[in-house]
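The values are calculated or read from the model by the stated rules, or taken from the named source; none is laboratory data. Not measured: the values here are computed from a predicted model. Reconstructed Cβ throughout: ideal geometry from the backbone, glycine too, with neighbour counts over all protein chains shown.
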6 protein chains.
Amino acid sequence: MTYSVTVRDHIMIAHSFTGEAFGPAQRLHGATYVVDATFRAPTLDDDGMVVDIGRASDALRGILSSLSYRNLDDEPEFHGINTTTERLCSTIAERLVTAARGDSLGPGGAAISAIVVTLHESHIAWASYEVTL
Amino acid sequence: MTYSVTVRDHIMIAHSFTGEAFGPAQRLHGATYVVDATFRAPTLDDDGMVVDIGRASDALRGILSSLSYRNLDDEPEFHGINTTTERLCSTIAERLVTAARGDSLGPGGAAISAIVVTLHESHIAWASYEVTL
Amino acid sequence: MTYSVTVRDHIMIAHSFTGEAFGPAQRLHGATYVVDATFRAPTLDDDGMVVDIGRASDALRGILSSLSYRNLDDEPEFHGINTTTERLCSTIAERLVTAARGDSLGPGGAAISAIVVTLHESHIAWASYEVTL
Amino acid sequence: MTYSVTVRDHIMIAHSFTGEAFGPAQRLHGATYVVDATFRAPTLDDDGMVVDIGRASDALRGILSSLSYRNLDDEPEFHGINTTTERLCSTIAERLVTAARGDSLGPGGAAISAIVVTLHESHIAWASYEVTL
Amino acid sequence: MTYSVTVRDHIMIAHSFTGEAFGPAQRLHGATYVVDATFRAPTLDDDGMVVDIGRASDALRGILSSLSYRNLDDEPEFHGINTTTERLCSTIAERLVTAARGDSLGPGGAAISAIVVTLHESHIAWASYEVTL
Amino acid sequence: MTYSVTVRDHIMIAHSFTGEAFGPAQRLHGATYVVDATFRAPTLDDDGMVVDIGRASDALRGILSSLSYRNLDDEPEFHGINTTTERLCSTIAERLVTAARGDSLGPGGAAISAIVVTLHESHIAWASYEVTL
């Protein structure tokens, strides 16, 4: 038995890609990523929740605010790295793992067994990253 | 190899939550839950189906009709329990398990290996519960 | 030529209806309403906007926060009135009209020619109200 | 009586805005715009269509390909102009008007009475522009 | 001021088109049409509704059941006519007009000022037909 | 840790089903299937991708073009088989497996650990098939 809770938010960023495989996306362009963060747990806490949705939304928003309205090509942490949809999924998911291990998600965070982050880059393409805690 | 079929329906309920973590949701309020019920099986039946979609929809509707247009705070089965989105997912999923083990889903029900129920509480939050049979 | 901008938010409320036409919805139940507020104008302001999306979102959220997480049956303003989806659309739209005529939406508010509010009560039903300024 | 046909596509662009009203969006960032182009006509052609969907899709894609995977701040046509969602709607719509008046949409183009372009910038905000021919 | 209510349902049909403009769609193929029926009125009835959603859904379903799970090429009413998405919109809308003028929609039907039917043929194309009563 | 990328496309087909369980769907009818193809991998390639989205989209489109705008009852490969949504999922997924094992998906194809194909037959029903490579 596995429970999960998902919250949705979004970011709007600029970036470019290095590598012939990217075709016209090698030019500086951008994307809206609609971001779904899923938290899984085998049990519910005393309140009947996987994790408090308000805290989960706040944690996600905090992480996204350090990325949004930016040109990712200028961010030191992404230097020399293609900020593909897949990679941004893992970046955001790993930060949520840190949040879950800390206090940001509240006591429910301790029971989280997996986190999945999905980024929708358009109505016809999306990517995700799943990590087990 | 895993096949699955999902059917969608919805309920409209009132309820309130107990616990400071719920903030304003401690007041009597309500929700539309768009409900997705997924049935998984490793093989298809002789007709080429996981489960008959008509029967699956009817089974789901029957379960939902006992919940919809109600104040869940007044329902004996939820006495002393927070009817969070997560918990309603498990309530509905466990009843579908009973349906699968009985005759409601037809002969295809015998091969079902897992049931997942997802409740969408808004365009930015949803929860799910997965149970293996 | 008409420009428009739409922002989306949501409320979760309890209520009941009076009248045989409502069937089981005469019982206390509830709904999530996903709320779309559209602002129309024949021209754009100096910044190239119909109305600032941030201000529009804040104005909408302010109006919705006075309705959300409540039992509308207990709200004096709705005494003796069925809070149907249609009627909640007009309630919210008229408050946005007041916001547009005041300062809440910024200078762009003066050019707004129409406001439309749509409330989605489920994946299969929604209502709207359009008012010309 | 009015008929309409809508086709959907998307672009991914970088840009920045000038003006304090834009807050963090003054920084170079980007967006995926999911683009809906609607063609209205009072009658159908001999084939029973407002406009051939294949031709309409091709016309839209041709227009979008001159915008997509670009930093709009570097495009001469947008020099000194904020490329807000509203303004990109009108840019695309006016080019579709030219297409409708030329041959790109086929014979059905002659009967088109209005064109509406909607750009979805996220799951919670979109804009549109409607022009009568 | 205009109120509206929309209900959603769907049909699954086979058909083929006559005319070179249709390319591969000249072959027998099929479509799921997700059908949105919108009812507009300048005022609400005594219950606070444009039209009873239950009655509206039933009226729509009745009309759709005479079309669904059929090969429209074999239906006498469509003999010699291309059953394009646009044309099916008008077929369904005109039947809803008849329903509104009769008793099917209840007393609210008398105030309906316009009906709009939208058929979604895929995630990237849809059509609609609007008729004023 | 698992990464995934999903691309979306669609097909429009006619077919009929054999078996009393199918009720009115035993008649010749049709469907639009919105098709989501998901590719999973435990690692990213040197460009930071699971698989090139352009190549994945092209591979999916190639497979779908051999099915779309057809009456599946007339296709030899489906002779004597009910082309249920579940079965079409597996047909498409197995062809993507072949593509992944060949060159069609590029070098990223070698790392793909699973493929999932989901077909949405309406707004209230969908099916999927997952295969591990």
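Take the residues in the range E:47-59 that are crowded, with 24+ Cβ neighbours inside 10 Å and within 13 Å of the chain's Cα centre (by Cα), then tell me which one is nearest to the other protein chains (Cβ to nearest Cβ).
Only one residue tops the list, namely E:ALA56.
E:ILE13 - would you say it is facing another protein chain (nearest Cβ under 7 Å), of a type in the set (Val, Ile, Thr) and either touching a residue at least 12 places away in the same chain (Cβ under 8 Å) or touching a Ser or Thr at 6+ places or on another chain (Cβ under 6 Å) (or both)?
For E:ILE13, the condition - facing another protein chain (nearest Cβ under 7 Å), of a type in the set (Val, Ile, Thr) and either touching a residue at least 12 places away in the same chain (Cβ under 8 Å) or touching a Ser or Thr at 6+ places or on another chain (Cβ under 6 Å) (or both) - is met.
Hey, A:VAL116 hits all of (1) free of Cβ contacts under 8 Å to residues at least 60 places away in the same chain; (2) under 30 Å from D:ASP36 (Cβ atoms); (3) under 10 Å from the mean Cα position of the chain (by Cα); (4) at the interface with another protein chain (Cβ under 10 Å from one of its Cβ atoms) but one; which does it fall short on?
(1)
So which residues in the range B:89-99 are small (Gly, Ala, Ser) and either out of contact with any strand residue (DSSP E or B) (no Cβ under 7 Å at 6 or more places or on another chain) or at pLDDT below 95 (or both), if there are any at all?
Scanning the range B:89-99 gives a single hit, B:ALA99.
Does C:THR43 satisfy being within 14 Å of chain B (Cβ to nearest Cβ) and in contact (Cβ under 8 Å) with a residue 12 or more places away in the chain?
Judged against the criteria, C:THR43 is not a match.
So which residues in the range B:10-44 are more than 17 Å from C:ASN71 (Cα to Cα), among the charged types (D, E, K, R) and at pLDDT 95 or above?
The answer is B:ASP36, B:ARG40.
Just to be sure I understand, how many residues within the range F:85-133 are assigned to a helix (DSSP H, G or I) and closer than 18 Å to B:ASP47 by Cβ?
Qualifying residue count, the range F:85-133: 7.
Considering only residues of the range C:52-71 that are outside any helix (DSSP H, G or I) and among the small types (Gly, Ala, Ser), which is nearest to C:ILE92 (Cα to Cα)?
Result: C:SER66.
Would you pick out the residues in the range B:1-36 that are surrounded by fewer than 24 Cβ atoms within 10 Å (Cβ to Cβ) and among the small types (Gly, Ala, Ser)?
Result: B:SER16, B:GLY19, B:ALA21, B:GLY23, B:ALA25.
This table checks each residue for (1) of a type outside the set (Asp, Glu); (2) free of Cβ contacts under 8 Å to residues at least 24 places away in the same chain; (3) touching a His at 6+ places or on another chain (Cβ under 8 Å).
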position: E:ASN71; (1), (2), (3): yes, no, yes
position: E:GLU75; (1), (2), (3): no, yes, no
position: E:LEU88; (1), (2), (3): yes, no, no
position: E:GLU94; (1), (2), (3): no, no, no
position: E:THR98; (1), (2), (3): yes, yes, no
position: E:GLY108; (1), (2), (3): yes, no, no
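Any idea which of (1) in contact with a Phe, Trp or Tyr (Cβ under 7 Å, 6 or more places away or on another chain); (2) farther than 21 Å from D:GLU20 by Cα; (3) part of a helix (DSSP H, G or I) is the one C:HIS10 doesn't satisfy?
(3)
Take D:PHE39 and decide whether it is assigned to a strand (DSSP E or B), of a type outside the set (Gly, Ala, Ser) and out of contact with any His (no Cβ under 7 Å at 6 or more places or on another chain).
Answer is yes for this residue.
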